[in-house]
Amino acid sequence: MVDRVVDFSALLVVWPVLIPILAAAVTACLWAWPTAQRAVGIASLVLLLGASLVLVWTVASEGVVAKQFGNWAAPFGISFVADPLSAAMVAISGLLAFAVGIFALADIRPRQERAGFHPLFLGLIAGVNGAFLTGDIFNLYVWFEVMLIATLGLLVINRGKAQLDGALKYAVLNLFGTILFLIAVALLYGATGTLNMAHLARILPGMEMSPGLTASALLFLAAFGIKAGVFPLFFWLPASYHTAPIAIAAIFAGLLTKVGVYAAFRVFTLLFEMEGGFMREIVAVVAALTMITGVLGAAIQWNVRRILSFHIISQIGYMLMGLAIATPVAIAGAVFYIIHHIIVKANLFLLAGAIHRAAGTDDLRKAGGLLKSHPWLAVLFLIPALSLAGLPPLSGFWAKFLVIDASLRVEAWWLAAVALVVGALTLFSMSKIWMEAFWKKPVLVRATPRTVPAAFLIPIALLGAVTLGIGLFADPFIEYARVATAALVDPAQYIAEVLPTLQPASPTGLAEIIENKGAVQ
Amino acid sequence: MQSVVLTAVARIFFTIILTGSVWILLRGHNEPGGGFIGGLFGAAAFATLALALGVETARRALLLHPVVLMGIGLFVAFASGVPGLITDASFLTHQWGSLAGIKLGTTIAFDLGVYFVVVGGVLSFMFRLFAEDAR
Amino acid sequence: MTLVYALTIAAYMGCGLYMMLSRHAVRMILGLALLTNGAIFLIFFAGRMGATSPPVIPRGIDALAADAANALPQALALTAIVIGFALTAFAAVLALQTYRALGTLDVREMRAAESLGAPDAPSSGRVKSDG
């Protein structure tokens, strides 16, 4: 009956999405048995990590991998494409999901599990991986919405007053962002007649920037800006991230804003050009303001989670700085920065949970003395904290170095100055946490120190080891970032993988109308 | 809701609307209809039952927890894409066959999955709204 | 005709945006629903919908009629409608739960998330630290 063995390797680029969806379905079916949900969840995260690593290995050795759904040839069907940047993002998100999954074993309470933590968590991971891998701009919108629904479900999993309030603000602002995204997609479709990113990359360079296309580009920037949390659009982030349980806050901090940054990179390198025109100035100014407001907002806070939430915003500015400068060196630096920051930021949030468990409070003014009672925790805290501030030889140093070096090469002195000052202020925030939580004498002395569960320390140590690894052996990672940048700047292989023939077989529908009669403005 | 008329006809309406929703589901491939709108009608059937006779009756009529129904639907929709792996090494390539003169394909499985997901999803928050309203 | 469509969609979205600026949570959600529908109208309009026949191949014929409608914007619009429905439903339930928990639907009075761990909240029991 089955005369062909099921070829699992052909679906390599699709497994990072299929595994979490299947696991979400199974955990939803196992609604009445939380232990079974936990087992299925961890097993699927292990499988996902394995599939992501195999994908990165394949892309690193063979180049861009593409797959069409339903065997419909592009541009009629939906494509999933893994170029070096997508594969790296999928691998990092797989690692992060695995680490947070282990952390959640000790952090998520039964009541939260009954409210549906596991299906929502796996749905979120599926949405994130889908957004990274898709090669169709409307499919990107769909994955953004999957992420949004899962995020909203996770935000209100505790149903307290602060959670509901934060979730309402998050929902309204992010819904508005996705509506902007939808309008941008509609305008782009109206101007070009296709939704496939490779096909758009082939068509758009030959078209002049009509008002419709300009509006579309700016709306994309606004929509991804809301998602990533850039300067005037980030206010949903400090309103909601600190209300969620730590495991959920860690996965949010690590992944959600980076999906927005990734989408901005994809659209503004593959579809629209950052070179000539006004986009560079806008993005550069926005990046600088993002860096400054984020770090100044963090400087005043005393709650560990609020400090870290504002730092997410500040670091997003560094990544956008790389996009604004748009030279290959800058984009390589920004890609390296994204990879470094996902791990460090999630690790810091997990550490905030460990500090809460060890000190009994999130308020730095009431904590203290953790260096004496939990020395290992102090060491594990120093690794991501100093990496975030940019101290050598940790990964943050290389990331900041690459980005600032790129800005100096194009003689954007003000941007480099802003980046350096913000780096110093980041160090101030991290040392504030260190001094208040670890160094100073405890406010209320306890006879025996509180225990921090092993399930907390294992993922923190794992992510810290990865940070150390990236910092000490930075060369292969920087080389990979250069390869990814080369694929971004010159997407010829991307287009060739998705659209093998020089022209689509028979343009249909709108594309034909436009090619024959010219685009309607 | 305390209304004799509604209580009396609720079960009849439930059967009619549920049958209608399955009909809409099945006709969806070549004519207006499909899994999504069929699911909405199915949820409306259970909502009528909940409105007239109480949430507990509707929950028992549903037989499963709404989230379990969503999980089953997602699994069925996922499974409809798997046969494509065998024939074409591509997910979601739909297979077609003929049974007693009627064309059948994996698309009906996909639509059925969508139906279950919509019914489960709408009812999962609708039951909670009704229950809180009754308190 | 293009101008009439464009102005209509713009007016529709303007109403949605105006409602979003309100203090009342339910009006904000209704404004979002209007904006979503406006975006869906824009998808139709960008797909050049006109007086054409449905994109269905009739029995016995092999290819689509020459003046059949463009099927892709219809698929995009259906997806967007489903997503908008799910998100609006969730937002409505969220507003209801918020009202039950916080007692108010005026967003200016909802300060529960901002006061959680705020820097200006009084920290009780603070002993002077010696550094």
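Computed from the coordinates by the stated procedures, all read-outs in this text should not be read as laboratory data. For clarity, every value in this text was computed on a predicted model and none was experimentally measured. Virtual Cβ from ideal backbone geometry, glycine too; neighbours counted across all protein chains shown.
Table for the structure above
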{"read-out": "Percentage relative contact order, region B:4-134, counting C-alpha pairs under 8 Å, at least six apart", "value": "28 percent"}
{"read-out": "Magnitude of the charge dipole, the protein assembly as shown, Cβ model with Lys/Arg +1 and Asp/Glu -1, debye to 20", "value": "2740 debye"}
{"read-out": "Helical mean residue ellipticity (222 nm; -39500 (n - 2.57) per DSSP H run of 4+; nearest 500) of chain A", "value": "-23500 deg cm²/dmol"}
{"read-out": "FRET efficiency, A:W376 to A:L444 (Cβ-Cβ, R0 25 Å, nearest 0.05)", "value": "0.70"}
{"read-out": "Paramagnetic reach from C:D106 in region A:127-167 [backbone N under 11 Å; point 7 Å along Cα→Cβ]", "value": "none"}
{"read-out": "Cα centroid separation, region A:33-83 to region A:222-268 (Å)", "value": "23 Å"}
{"read-out": "Qualifying chymotrypsin sites (Phe, Trp or Tyr not before Pro) in region C:32-129, DSSP loop, other Cβ atoms within 10 Å at most 16", "value": "none"}
{"read-out": "Debye, to nearest 20: dipole size of region A:275-490, +1 on Lys, Arg Cβ, -1 on Asp, Glu Cβ", "value": "1180 debye"}
{"read-out": "Chain A: DSSP helices with Cα axial extent of at least 20 Å and average Kyte-Doolittle hydropathy no lower than 1.6", "value": "A:15-29, A:84-107, A:137-155, A:279-299, A:375-389, A:413-433, A:454-472"}
{"read-out": "Cα-based reach from A:K372 at 20 Å (exclusive), listing lysines while leaving out same-chain residues under 8 positions away", "value": "A:K432, A:K440, A:K441, C:K128"}
{"read-out": "Percent of beta bridges antiparallel (DSSP, the protein assembly as shown, rounded to nearest 5)", "value": "90 percent"}
{"read-out": "Expected 222 nm ellipticity per residue - DSSP helices of 4 or more, -39500 (n - 2.57), all of chain C, to 500", "value": "-20000 deg cm²/dmol"}
{"read-out": "Sequence-separation-based contact order of chain A, relative, with Cα cut under 8 Å and 6+ spacing, percent", "value": "17 percent"}
{"read-out": "Where only C-alpha atoms are counted, convex hull volume of the protein assembly as shown per residue in Å³", "value": "177 Å³"}
{"read-out": "Prolate/oblate/rounded call for region B:1-91, Cα gyration tensor, a/c under 1.5 rounded", "value": "oblate"}
{"read-out": "Excluding exposed DSSP-loop GluC sites (Glu not before Pro) (at most 10 other C-beta within 10 Å), longest clean stretch of chain A", "value": "A:1-207"}
{"read-out": "Whole-Å distance, taken between Cα centres, linking region A:340-411 and region B:1-70", "value": "53 Å"}
{"read-out": "Chain C, relative contact order [Cα under 8 Å, separation at least 6], %", "value": "22 percent"}
{"read-out": "Shielding by partners - mean other protein chain Cβ count within 10 Å, residues of C:72-85", "value": "5"}
{"read-out": "Simple Cβ-charge dipole of chain B, Lys/Arg +1 and Asp/Glu -1, about Cα centre, in debye nearest 20", "value": "260 debye"}
{"read-out": "Lys/Arg +1, Asp/Glu -1 at C-beta; the protein assembly as shown dipole; positive extreme among A:I282, A:I92, A:P110", "value": "A:P110"}
{"read-out": "Computed Rg/Rh of region A:275-490, alpha carbon atoms with Kirkwood Rh", "value": "1.02"}
{"read-out": "Cβ-Cβ FRET estimate between C:R23 and A:A486, R0 fixed at 41 Å, reported to 0.05", "value": "0.20"}
{"read-out": "Average beta carbon contacts from partner chains per residue of C:91-97, 10 Å cutoff", "value": "6"}
{"read-out": "Trypsin sites (Lys or Arg not before Pro) within region A:307-402, DSSP loop, no more than 13 other Cβ atoms inside 10 Å", "value": "none"}
{"read-out": "Dipole-positive endmost among A:I470, A:A367, A:Y480 within region A:275-490 (Cβ charges, Cα centre)", "value": "A:A367"}
